[in-house]
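The block underneath contains the structure these notes are about, expressed in structure tokens.
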Amino acid sequence: MDMDNQLPKPLIIIISLIQGLLLTLLYRSVESEIWPSTEPLWLISFVTFTLSFPLFFLLSITKNNISATFKYLLPYSILLSLLGAYVGYQQEPVNYITNWSVVAIFAFTALIASFKALMYIQPYINQQEITYESLFKISWRNFIIFNECWLFVLIFWGILHLGAGLFSVIEINFFKELLNNNWFVIPTLNIAFGFAIIVFRNIASTTDTISTILQTLIKFLLPVLTIVSLSFLATLPFTGLVNLWKTGSGSLLVMWLQALTLFFINAVYQDSSHKQPYHIVLHRIIFVGVAMLPIYSAISAYGLWLRIEQYGLTVDRCWAVLVCLLLTFFSFGYLTSIIKKRDHWLQNRNKVNLIMGLVVLIFMLLVNSPLLNFQYLSASSQLARIDRGDINNDNFDYRYFERSLGRQGYLQLQTFKKEILTTHPEKVALIDRMYSIKQGKSKEEITLNDFEQRVVFWPSKAAFPNSLLESIYKKFKNVSS
């Protein structure tokens, strides 16, 4: 049936317009510094729902599944918004915390989770059987349509600016001024995105052709990647792992190689048919390369263990552990399939991918929840190093807590201050200074009285004459300006 007759085009445009208006209101609240922008918990939650639910709806809706689309996608969008609220809560107290890195991570992980969720939800909406082949096709189609729509919007926006520039040459500045107004820009771009959804969903066959082209390119790259991978493994017994660890990113390089191999394998061997895409020799080489993937998991896990044992957990290492764990599940799942089925391992591989897709989805949601808060785990691990005597207070990196651990670093340092109040008062002063400067005013607006209230005096304020305080304050103002 012609997809053009299945898409409710007026509804898609209306949803795009409503989304644009809501995003405009949220943007204006940030500009005007009014609620909800003054409370990150509400702001990020509202932005998440306003971005996610309409987008999922537009990618899935047809004339025949409107109620089913609403039924399945609304709960997931609400869940995503609740996680956004928790991420916003990690910005508090706002006078002390600068923690927008978790927002960037939330955006990235939510995108991956939503990509996976749509892959499983869309067959339910359309009452289709969930098979690996169907999920594979849906995932590629969503990925390509999403990127095509953004490309369309960027080109559309560029044409508008080109037109405004041309009119400015003849001293007609109306269009240039119009493009500087967010109340025009945001709804217009959203409507353009909705129009692009209609266009590219109507030519799904073309999207599938693009997918086939990309898969064909990957088909030629997979043997090269496999040969590089096996050659590297063959040299390790002679070179050892020392040189790999000297790079400082050995585990990262190994995991990249492993992840690319898994991605290429799934792009080339996309169905469970017995037809081989390569000559038998290349097929056997790739077969061996897949079987060797668990060795890479062991290498990267060992490297991470060495770093964590020596330096404790950080947010980056927590992410590395999670990625290593997921790649290990995939690799051992494939190896088990090869052992059981040999040349027919793709049948079991498909089952592994179906299960691991859900596992990846769950973990991408959990990392934005209190159940798997990497900032909390890192703060606890670093403070535990002091308790164990692995590092002393003089060599401890307190600023890492303020720089990278946000709310969790702030809270745990406040508790830690009480433990070292009498033994290391200078470190207590350092902690107070790290967070005092974020209160309310900018440096240029801070008065001498504000400065005295925010500075931590040690051993006491009486030790500092007023003339010295005024001199330090003037120097502070000159540096800030």
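Annotations
- The sole residue among Gln310, Gln270 that is of a type outside the set (A, V, I, L, M), open to solvent by 50 Å² or more (accessible area, probe 1.4 Å), part of a loop (DSSP other than H, G, I, E, B) and out of contact with any Asp or Glu (no Cβ under 6 Å at 6 or more places or on another chain) is Gln270.
- Test: residue in region 60-80 that is part of a helix (DSSP H, G or I), open to solvent by less than 50 Å² (accessible area, probe 1.4 Å) and over 24 Å from Phe146 (Cα atoms): no
- Considering Gln122, Gln91, the condition of being more than 18 Å from the chain's Cα centre (by Cα) and either assigned to a loop (DSSP other than H, G, I, E, B) or not small (Gly, Ala, Ser) (or both) is satisfied by Gln122 alone.
- Pick from region 108-135, criterion over 24 Å from Lys63 (Cα atoms) and among the aromatic types (Phe, Trp, Tyr), ranking: least open to solvent (accessible area, probe 1.4 Å): Tyr132
- Residue tally, condition part of a helix (DSSP H, G or I) and without any contact (Cβ under 8 Å) to a residue 40 or more places away in the chain, over region 128-149: 5
- Qualifying positions in region 394-403 - open to solvent by less than 20 Å² (accessible area, probe 1.4 Å) and either over 21 Å from Tyr86 (Cβ atoms) or charged (D, E, K, R) (or both): Phe396, Tyr398
- Identity of the residue in region 237-249, in contact (Cβ under 8 Å) with a residue 40 or more places away in the chain and part of a helix (DSSP H, G or I), that ends up most open to solvent (accessible area, probe 1.4 Å): Trp245
- Number of positions in region 96-127 that are free of Cβ contacts under 8 Å to residues at least 40 places away in the same chain and among the small types (Gly, Ala, Ser): 2
- If you go through region 366-383 and keep only what is open to solvent by less than 30 Å² (accessible area, probe 1.4 Å) and either part of a helix (DSSP H, G or I) or in contact with a His (Cβ under 8 Å, 6 or more places away or on another chain) (or both), you end up with Phe374, Gln375, Ser378, Ala379, Ser381, Gln382, Leu383.
The values are calculated or read from the model by the stated rules, or taken from the named source; none is laboratory data. Just so it is clear, the model here is predicted, and its values are computed rather than measured. Glycine gets a Cβ as well: all are built from the backbone with ideal geometry, and neighbour counts include every protein chain shown. Note: areas computed on protein heavy atoms with side chains; ligands, DNA, RNA excluded. Shrake-Rupley method; radii C 1.70, N 1.55, O 1.52, S 1.80 Å.
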